[in-house]
Every structure is written in structure tokens, then in C-alpha cells.
Amino acid sequence: MIAFDLRCVEHHIFEAWFKDREAYEDQREKGLISCPVCGSTEVEKILSPVAIKKSSSASASSAKPAAGAGDGAEVQEGFLKAMEKIYKTVLENSEDVGTRFASEALKIHYGAAEARSIRGVTTDEEEKMLQEEGVQFTKIPVPAKMVKKEEIN
Ligand SMILES: [Zn+2]
């Protein structure tokens, strides 16, 4: 499961959950995703939070979301808590490079910058570029309210 912040043609912003990125692309192409405010199916993903972890640290191992499929409210609640935990771990252990994420990630990848854990945001185009360059990065599913909180700070 992954959460995306989406925006419709009328600029309404809403959060939606998908099994994975492919599920989002598939549903969007088929017009299955509609804006909860105006019902438009012309939606696009807005900047998504991403992170690169320098090395595996012990603190992250306990923050994995519960495995297994389920659709109950309890499962969803537990999943959101796990996501918040991962997000907090990332915040505490990485440098925020904001919209410079793609360029910083490339510098680290090619040894032009110090190897370190960074986080930031990318556009779809930047993500594709990073993938083509073979840069390993992680999507961070962040509750929308926490994204907004961080943007204000
Ligand atoms: Zn709308």
C-alpha cells in the first residue's frame, strides 16, 4: 500500500491509497480515480516524498508495516501507525534536501557528494530519470497531514 497526494484539474488536493505505483497508473488511465470534491477523473500526482538510506540501520527494522492483506479498519489503522513510524525514523536520520533531491541523489550516486541519507521530493520525471540512472531510492508513504506540517516548518 502506498499513499499518493493527487490533484485534479480544478486544483483540489486529496490523498488516495493504492496497492502500488502500477495500480495507481492503471486506475488513473482507466479513469477510476475521481476527485472527491468535483468528481473529475483528470488527476495527477503531486510531488511525492522520497528518501535514500545510506545504510541499513537497526532503527528501521522495527518499523515495517504489518505484512498480509486485509481490509478492516483495524488493519488500516495499524498500517497508518507503521507508516508514521517509518516517516519519523526517516526524518530523524536524513538530511532534508527538498526539491534538490534528484540532483543531490545523482551527485551521491556518482560520488560527487558525500554519501549520506537524504530525503526530499521529486516529480514523476525526476523519478524516471533517477531510475534510468540506476539510483536506488525509496518512496515514503506519508500521511497527507504530516506532509503539510513539514512544508510549513
Ligand atoms: Zn476536484
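The values are calculated or read from the model by the stated rules, or taken from the named source; none is laboratory data. What you see is a predicted model, and the numbers here were worked out from it, not measured in a lab. Cβ coordinates were reconstructed from backbone atoms using ideal geometry, including for glycine residues, and neighbour counts include every protein chain displayed.
Quick check on my filter: what residues within the stretch 1-27 are in contact (Cβ under 8 Å) with a residue 24 or more places away in the chain, in a loop (DSSP other than H, G, I, E, B) and within 16 Å of the ligand (Cβ to nearest atom)?
VAL9, GLU10, HIS12 - these are the residues of the stretch 1-27 that are in contact (Cβ under 8 Å) with a residue 24 or more places away in the chain, in a loop (DSSP other than H, G, I, E, B) and within 16 Å of the ligand (Cβ to nearest atom).
Which of the numbered conditions does LYS149 fail, given that it passes all the others? Conditions: (1) modelled with pLDDT under 85; (2) within 17 Å of ASN93 (Cα to Cα).
Single failed check for LYS149: (2).
State all residues of the stretch 30-51 that are of a type in the set (S, T, N, Q) and either part of a loop (DSSP other than H, G, I, E, B) or within 14 Å of the ligand (Cβ to nearest atom) (or both); if no residue qualifies, say none.
Within the stretch 30-51, SER34, SER40, THR41 meet the criteria.
Yes or no: LEU32 at pLDDT 90 or above, more than 15 Å from the chain's Cα centre (by Cα) and loosely packed, with under 15 Cβ neighbours inside 10 Å?
yes
In the stretch 42-55, what count of residues is obtained for those that are modelled with pLDDT of 90 or more and either touching a helix residue (DSSP H, G or I) at 6+ places or on another chain (Cβ under 8 Å) or within 30 Å of THR89 (Cα to Cα) (or both)?
Residues meeting the conditions: 2.
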